[in-house]
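Take a look at the structure set out below.
The values are calculated or read from the model by the stated rules, or taken from the named source; none is laboratory data. In this text the structure is predicted, and so the values were computed from the model without any measurement. Because the Cβ atoms are built from the backbone with ideal geometry, glycine has one as well, and the counts that use them run over all protein chains shown. The accessibility values were calculated without ligands, DNA or RNA, using every heavy atom of the protein model including side chains. Shrake-Rupley method; radii C 1.70, N 1.55, O 1.52, S 1.80 Å.
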Amino acid sequence: GGVRDFLLGIQFVTGRGRIVRGGGKVVKNAAGFDLPKLMVGSLGRFGILVECTCKVFPRPESTCTLRAEFSNTRAAVEKMLQLATAPFDLLSLDAGPANTLALRVGGLQESLTARVDRVNAFLGTPTQLLDDREETRYWSDANEFAWLPEGHGLVKVPLNPARILAI
């Protein structure tokens with residue numbers, strides 16, 4: 001899900017300097033208006049977030065990463081859109097250069113092989129299963145923007161996958 005699905009409680013400061021709290025510190029808080037979700041959608045128009053309580057999950061026992069190549073950007077982005085709504089419970093989904101997608105699956109070691117097989121069948125294209133060292137390096141490089149050539153700047157453009165297809 002999106003950020004709004006993992007935000008349980010917030011505290012923010014309004015334009016008039018008032019401190020406002022909404023939500024709670026536990027998942028079972030369903031009283032009143034869901035202010036945390038409103039704040040995510042408002043993009044700062046109602047105030048500045050100063051405290052957030054997020055839903056967290058335990059670290060998975062085991063992980064594996066698949067890399068799939070597609071014939072063109074459109075095919076990769078369309079598959080990414082399908083994966084985002086598919087019932088696979090992916091830890092990470094990354095669109096990379098050369099029309100590739102990297103998918104990280106995690107959970108109990110006993111169930112991981114069956115889950116990876118289901119994802120492979122859904123992808124419909126040959127995949128590469130990264131070994132532990134390659135997987136660790138891939139996600140570390142992605143987090144550190146290591147793919148960015150030396151001396152180049154980085155510009156973040158907020159686009160959802162559907163907008164990429166429209167360009």
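Could you give the alpha-carbon Rg of region 16-109 over 2.2 N^0.38 Å, rounded to two decimals?
Here the Cα radius of gyration is 1.50 times the empirical estimate.
Quick one: if the Förster radius is 22 Å, what FRET efficiency do residue 113 and residue 133 give, using the C-beta to C-beta distance and rounding to 0.05?
The formula returns an efficiency of 0.65 here.
Mind checking the alpha-carbon convex hull of region 72-167 and giving the volume per residue in Å³?
Taking only Cα atoms, region 72-167 has a hull volume of 122 Å³ per residue.
Report, to the nearest 10°, how far helix 73-85 tilts away from the longest principal axis of the Cα atoms in the chain, using its own Cα long axis and a range of 0 to 90°.
60 degrees
Spin-label point model (7 Å from Cα, Cβ direction): what's the residue 11 to residue 34 distance in nm?
2.4 nm
Probe radius 1.4 Å, ligands and nucleic acids ignored: give me the carbon and sulfur share of the accessible area of region 40-134 as a rounded percent.
Of all accessible area on region 40-134, carbon and sulfur atoms account for 54 percent.
Need one number: nm distance between label points at residue 75 and residue 98, each 7 Å from Cα along Cα→Cβ, rounded to one decimal.
A separation of 1.5 nm, rounded to one decimal place.
Given Cβ point charges of +1 (Lys, Arg) and -1 (Asp, Glu) and nothing else, what value in debye, to the nearest 20, does the dipole of the chain about its Cα centre take?
It comes to approximately 1040 debye.
Identify, among 13, 23, 84, the residue whose Cα sits farthest towards the positive end of the charge dipole of region 1-98, taking +1 on the Cβ of Lys and Arg and -1 on the Cβ of Asp and Glu, with the dipole about the Cα centre.
13
With each run of n ≥ 4 DSSP H residues scored as -39500 (n - 2.57), what mean residue ellipticity at 222 nm is computed for the chain after dividing by its residue count and rounding to the nearest 500 deg cm²/dmol?
Using -39500 (n - 2.57) per qualifying helix, the result is -10000 deg cm²/dmol.
Any idea what Rg and Dmax come out to for the chain if you just take the C-alpha atoms, in Å?
Every Cα atom of the chain included, Rg and Dmax give 19.1, 56 Å.
Could you tell me the calculated FRET efficiency between residue 88 and residue 163, based on Cβ-Cβ distance and R0 = 22 angstrom, to the nearest 0.05?
According to the calculation, E is roughly 0.45.
Any chance you could run the full-extension gain for residue 120 through residue 141? It's 0.36 nm times the residue separation minus the Cα-Cα distance, nm to one decimal.
5.2 nm
Counting heavy atoms of the protein chains only and a 1.4 Å probe, report the per residue accessible area for region 41-167 as a whole number of Å².
Accessible area per residue, region 41-167: 69 Å².
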